[in-house]
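The values are calculated or read from the model by the stated rules, or taken from the named source; none is laboratory data. Just so you know, these numbers come straight off a predicted model, no measurement behind them. All Cβ positions, glycine included, derive from the backbone under ideal geometry; neighbour counts span all protein chains shown. Only protein heavy atoms, including side chains, enter the accessible area calculation; ligands, DNA and RNA are left aside. Shrake-Rupley method; radii C 1.70, N 1.55, O 1.52, S 1.80 Å.
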Amino acid sequence: MVAAMQHVKDRLHRLTRWGIPAVMGFSMSLNALEFAAGATNAYELAAGITMGCILPMLVFLAFRVAAVLADV
């Protein structure tokens, strides 16, 4: 997000400081629940939970890398 005025930037930073991690955590938990729903053994359960947690983090990291590259 881009804000033209400093007080708007400060407010956005305050909101996104806890908002982004909260959305990421919620996304991870729901993805892990969905991926592990059909598990029939411990290995499938572990793989489902792992994939459910890794995918949102990869999206977040891709966004951060893109933001850094766009800022250059």
Response to the item:
Taking Cα pairs closer than 8 Å and at least 6 residues apart, the relative contact order of the chain in percent is 25 percent
Worksheet, complete the sentence: One can check that the equivalent ellipsoid of the chain, built from the alpha-carbon gyration tensor with semi-axes equal to the square roots of five times its eigenvalues, has lengths in Å, largest first, of 34, 14, 6
Practice prompt. Treat every Asp and Glu Cβ in the chain as -1 and every Lys and Arg Cβ as +1, leave all other atoms uncharged, and give the resulting dipole magnitude about the Cα centre to the nearest 20 debye.
Written response: 380 debye
Fill in: Between 0 and 90°, nearest 10: helix 42-71 axis offset from the chain longest Cα axis
20 degrees
Worksheet item: In whole angstrom, how far apart do the alpha carbon centroids of the stretch 49-65 and the stretch 1-44 sit?
Response: 10 Å
Worksheet item: According to a simple spin-label model (label point 7 Å from Cα along Cα-to-Cβ), what is the distance in nm between E34 and I54?
Response: 1.8 nm
Worksheet item: Of all the accessible heavy-atom surface of the chain, with the other protein chains kept in place and a 1.4 Å probe, what percent is carbon and sulfur?
Response: 72 percent
Practice prompt. Pop out the ³J(HN,Hα) list for the stretch 3-13 in order, Karplus 6.51 cos²θ - 1.76 cosθ + 1.60 with θ = phi - 60°, rounded to Hz; leave Gly and Pro as x.
Written response: 10, 7, 10, 5, 5, 6, 4, 5, 5, 4, 5
Fill in: Approximate spin-label separation L15-Y43, in nm, with each point projected 7 Å along Cα-to-Cβ
4.7 nm
Discussion item. What does the extension gain come out to for H7 and L69, with contour length at 0.36 nm per residue minus their alpha carbon separation?
Written reply: 19.7 nm
Discussion item. Per residue, how large is the accessible surface of the chain? Use a 1.4 angstrom probe and give square angstrom.
Written reply: 82 Å²
